[in-house]
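The values are calculated or read from the model by the stated rules, or taken from the named source; none is laboratory data. What you see is a predicted model; the values in this text were computed from it and never measured. Virtual Cβ from ideal backbone geometry, glycine too; neighbours counted across all protein chains shown.
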Amino acid sequence: MSDVVYNEQADGGRRDEDLMQAYGAGDADAFDELYERHKGAVFRYFTRQLPAAEANDCFQNLWLKLINARERYQANAPFKHYLFTLAHNVLMDHFRATRRLIATEPDELEAMSDGDDSNSGMEAVSRDRLRERLMKLIAALPFHQREAWLLQQEAGMSHEAIANVTDATEEGVKSRLRYARQKLKTGLKAYAR
């Protein structure tokens with residue numbers, strides 16, 4: 001058994017930072033719990049910036065990097081910031097390797113919709129169209145705006161945390177988010193009631 005002291009979250013579970021330290025000390029169940037908590041947000045972070053096959057590769061690469069770094073992990077910041085910093089680095093490595101900084105083609109985003117609507121009729125069609133339109137608008141954002149917006153929306157990061165992850169200033173992040181919101185809002189005007 002490990003000598004790691006576990007703090008509890010508000011819901012009674014262990015904090016992410018404690019889980020990662022426990023995983024570093026050999027607790028494989030701690031990794032499983034971290035993976036379950038964060039897989040959705042991290043997967044969406046990649047799929048909203050890359051075609052599906054490339055997003056899957058980056059997603060797997062991220063978790064391999066986390067596994068390989070488990071013994072060196074230091075809880076100096078919230079785990080989510082650490083995880084999304086790794087995700088950002090994996091994405092940048094991918095762009096460097098493919099020699100591009102892309103805006104995902106809107107047509108490729110259609111396959112990213114979860115399509116798990118249980119409602120039928122016009123409401124479901126309207127929601128699908130709205131989701132499709134939003135995915136196309138997100139894909140059309142310039143890379144730095146898109147990344148800042150996704151880190152805020154998917155990871156719930158603060159301006160300061162996004163600045164740390166993306167190596168930008170906090171004011172730069174605020175500007176990127178403001179422009180992203182304006183473009184998304186303008187693009188969704190037709191759907192406003």
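Quick notes on this one:
- When residues of segment 153-163 are limited to those that are modelled with pLDDT of 90 or more and out of contact with any Leu (no Cβ under 6 Å at 6 or more places or on another chain), the one surrounded by the fewest Cβ atoms within 10 Å (Cβ to Cβ): E160
- All of A41, A53, A10 fail the test of being assigned to a loop (DSSP other than H, G, I, E, B), small (G, A, S) and modelled with pLDDT under 95, apart from A10.
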